[in-house]
1. Identify, from the list B:Ser243, B:Ser256, the residue that is surrounded by fewer than 17 Cβ atoms within 10 Å (Cβ to Cβ) and assigned by TED's automatic domain parsing to the domain that holds B:Glu219.
2. May I ask you to say which residue of B:Phe75, B:Phe100, B:Phe120 is more than 21 Å from the chain's Cα centre (by Cα) and either closer than 30 Å to A:Glu50 by Cβ or not assigned by TED's automatic domain parsing to the domain that holds B:Leu176 (or both)?
3. Going through B:Leu171, B:Leu190, B:Leu160, B:Leu149 one at a time, which residue ends up being more than 30 Å from B:Ser283 (Cα to Cα), more than 8 Å from every other protein chain (Cβ to nearest Cβ) and surrounded by fewer than 22 Cβ atoms within 10 Å (Cβ to Cβ)?
4. For the structure I just gave you, tell me whether A:Leu155 is facing chain C (nearest Cβ under 7 Å) and either more than 29 Å from C:Lys66 (Cα to Cα) or not in a helix (DSSP H, G or I) (or both).
5. When you go through (1) at the interface with chain A (Cβ under 8 Å from one of its Cβ atoms); (2) part of a helix (DSSP H, G or I); (3) touching a Ser or Thr at 6+ places or on another chain (Cβ under 7 Å); (4) within 30 Å of B:Leu391 (Cβ to Cβ) one by one for B:Ala165, which number turns out not to apply?
6. Just give me the residues in the range A:123-145 being within 7 Å of chain C (Cβ to nearest Cβ) and assigned to a loop (DSSP other than H, G, I, E, B), in sequence order.
7. For the subset of the range A:67-92 comprising residues that are facing chain C (nearest Cβ under 7 Å) and at pLDDT below 80, which member is farthest from C:Gly33 (Cα to Cα)?
Amino acid sequence: MDFLFFFLFAFIAVACAVSVVVQKHPIASALSLVGVMASIAVLYLQLGAEFLAMAQIIVYAGAVMVLFIFVIMLLNAGAESRSGRSYAAQLMGPPLLVALMASLGFAIMRGFPGGGTVKFDSFQGGTAQNIGYALFTDYLLPFEVTSVLILVAILGAIVLARKEMD
Amino acid sequence: MEFIIITLIKLAVIAFVLLTALAYIQWVERKVIAHVQVRMGPSRVGPHGLLQPLADVVKLITKEGVMPPHANKFFYLAAPILAVFMALISISVIPFGTEFTVLGHRVMMQLTDLNVGVLFILAVSSMGVYGIALAGWASNNKYSLLGGLRSSAQMISYELPMSLALAAPLLIAGTLSLRGIVDSQAGYNLGFIPKWAIFTGPFPQIFSFIIFMIAAFAETNRIPFDLPEAENELVAGFHVEYSSMSFAAFFMAEYSNMVTVCSVATLLFLGGWHPLWPESMGSNFAAPLILAGAGAICLYHGLNPARPFDRFTLPAFAVIFFGLAGLMAFPPLVPVLTPLFWFLAKLSFLLFVFIWIRATLPRFRYDQLMSFAWKFLFPAALLNLLVTGFLVALVS
Amino acid sequence: MAEAMQSINLQAGVPISWYLVLSAVLFSLGVAGFLFRKSIITVFMCIELMLNAVNLSFVAFANQHKQVSGHIFTFFVMVVAAAEAAVGLAIILTVFKNRETLNIDEINSLKN
């Protein structure tokens, strides 16, 4: 069962990620990215991170990507034009990408051989309670700093997006 | 194996009941709005128009599905499926009664009890916007594009106050499991005031209940927040190009979302299936008495008919109501059916409020909608959460 | 690789390293998209893809060490990504208002 779930959702994630890269229309790319995020959320569930799985869907798929789609629709962004890339880049790009992935995978499999296994339900530390406890004890300062960061981001977004007052 | 069989049976029952209920909520809505506006409402198909939903389904299935030219085919077809899928899936975590034992198997009145149930519902409902936004974009129509744009902006804006309003009762309950939240609201203060979240706790959650309901209207695109499908400015908004079953899918998604948000409000704020007054004061008799009363009214009007065919239809309804009342009063079934009755009663009351408001209030203007969300609802929800958190910390 | 494949016991569960490989693959795809694509919005989405890939390995490590810290890191990454998306999309809107284009090859006024 664990293998089945892993392969199914790993396959969906990779297929959607490829689709993000190769789709010409930004909306298609954005929806593929939602697919990647949803399948990663399922893998989080398998890894015992139930709170993060839900947060992933709520924050990424439900807010960030909706914002992307909103902007794409607002700007009425059409399909990308082809061309403009050199012939060598088009020829060499995909093989180099595969080579990069293969070497990364090889390095991980070599450097991380007996790293333990994942079974569903083997780790139950990812509940909302545990995360909240860790967040407000050990990681209180980073948490507060993040809230300041968000405030700065809100101000920045408002200043950038507001109409000129003249 | 036993688990799988029980789950499949529950799945079939819930799916059947839900889909039928969705069709009949629409009948109720048309009838209620008609009576508010002093009209008859659907009355031709079947007695009191009761077969109207069936006729609508047959009509929608047999209609031709039209694809507008230059529409994005894939997304045009995927959008209604996405919308209805996301709307129906959140029912799976909603509990609607206690557990009971049948033939030696313990059965929970819920498909699955997640320990992040509330977050699951938030997550799924936040995904629901994709169906609408995509439908608006893929139809290649400027009205539907405007509808899709409006819905994505509106949903993001109203999700914040909704989540903040949900967080306040969670602070009191101390769990994210929907069943656990309902269990934490059992019991009575002073012997008769129920310990529901809106009545009790360190800080009664009446404000967050109101904020949640307002945000729920916006999340389900209902009047007064139905800007994405405003008939008289955007024709029909995001689903203007849809016909046949894909149009029906959007309708189903809207009504299913209504059922979901009303269930969540019932579970989090109104104590789920706990009765309004204690069992010692006879709350178990409420269900049979109300149903028998409804049966008596039907019987009276059947014996003094206003229209000729009422002589036959209303006594038939009376028999159904009396039968239900007898079922509710049957002692072995009382512990199973009474919680279910209370849950459904609260749920239908909230659904009625949705319909009532639709018949009462005009639509907001778009800038009013946005400034209401950001300048009033969001600060109010934040303040409510702060006060609740402070008082919960003070008490514990 | 071959002996690693043979040593996998189907009952024991999925090896952690497979999650890391998946994360690496997703990250490389994100890098590729970042380099290949020309629409500024798609480039931005590829950055989000890379962040997601990194999050996956954080959570995998959290499972390996049975600690919640990895989850906290992921949580912070999500928060920062949300803030980044808000500011980034506001910048994109402003750029589009001034330039009427989303092609990153044409937004190069610092060059000349």
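The values are calculated or read from the model by the stated rules, or taken from the named source; none is laboratory data. As the structure is a computational prediction, the values presented were derived from the model and not from experiment. Note: ideal-geometry Cβ built from the backbone for every residue, glycine included; neighbour counts use all protein chains shown.
1. Details: B:Ser256 fails: surrounded by fewer than 17 Cβ atoms within 10 Å (Cβ to Cβ).
Only one candidate qualifies: B:Ser243.
2. On the way: B:Phe75 fails: either closer than 30 Å to A:Glu50 by Cβ or not assigned by TED's automatic domain parsing to the domain that holds B:Leu176 (or both); B:Phe120 fails: more than 21 Å from the chain's Cα centre (by Cα).
Exactly one of B:Phe75, B:Phe100, B:Phe120 is more than 21 Å from the chain's Cα centre (by Cα) and either closer than 30 Å to A:Glu50 by Cβ or not assigned by TED's automatic domain parsing to the domain that holds B:Leu176 (or both), namely B:Phe100.
3. Details: B:Leu171 fails: more than 30 Å from B:Ser283 (Cα to Cα); B:Leu190 fails: more than 30 Å from B:Ser283 (Cα to Cα); B:Leu149 fails: more than 8 Å from every other protein chain (Cβ to nearest Cβ).
The unique qualifying residue is B:Leu160.
4. On the way: facing chain C (nearest Cβ under 7 Å): no; either more than 29 Å from C:Lys66 (Cα to Cα) or not in a helix (DSSP H, G or I) (or both): yes.
Spelling it out, it is not the case that A:Leu155 is facing chain C (nearest Cβ under 7 Å) and either more than 29 Å from C:Lys66 (Cα to Cα) or not in a helix (DSSP H, G or I) (or both).
5. Going through the list (1) at the interface with chain A (Cβ under 8 Å from one of its Cβ atoms); (2) part of a helix (DSSP H, G or I); (3) touching a Ser or Thr at 6+ places or on another chain (Cβ under 7 Å); (4) within 30 Å of B:Leu391 (Cβ to Cβ), B:Ala165 breaks only (1).
6. So the first thing to find is which residues in the range A:123-145 are within 7 Å of chain C (Cβ to nearest Cβ), and the list is A:123, A:125-126, A:130-131, A:134-135, A:139, A:142.
Within the range A:123-145, A:Phe123, A:Gly125, A:Gly126, A:Tyr139 meet the criteria.
7. A:Ala77
For every residue, the table says whether it meets (1) touching a residue at least 24 places away in the same chain (Cβ under 8 Å); (2) of a type in the set (A, V, I, L, M, F, W, C); (3) more than 30 Å from B:Ser177 (Cα to Cα).
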site: A:Pro95; (1), (2), (3): no, no, yes
site: A:Ala99; (1), (2), (3): no, yes, yes
site: A:Met109; (1), (2), (3): no, yes, yes
site: A:Gln124; (1), (2), (3): yes, no, no
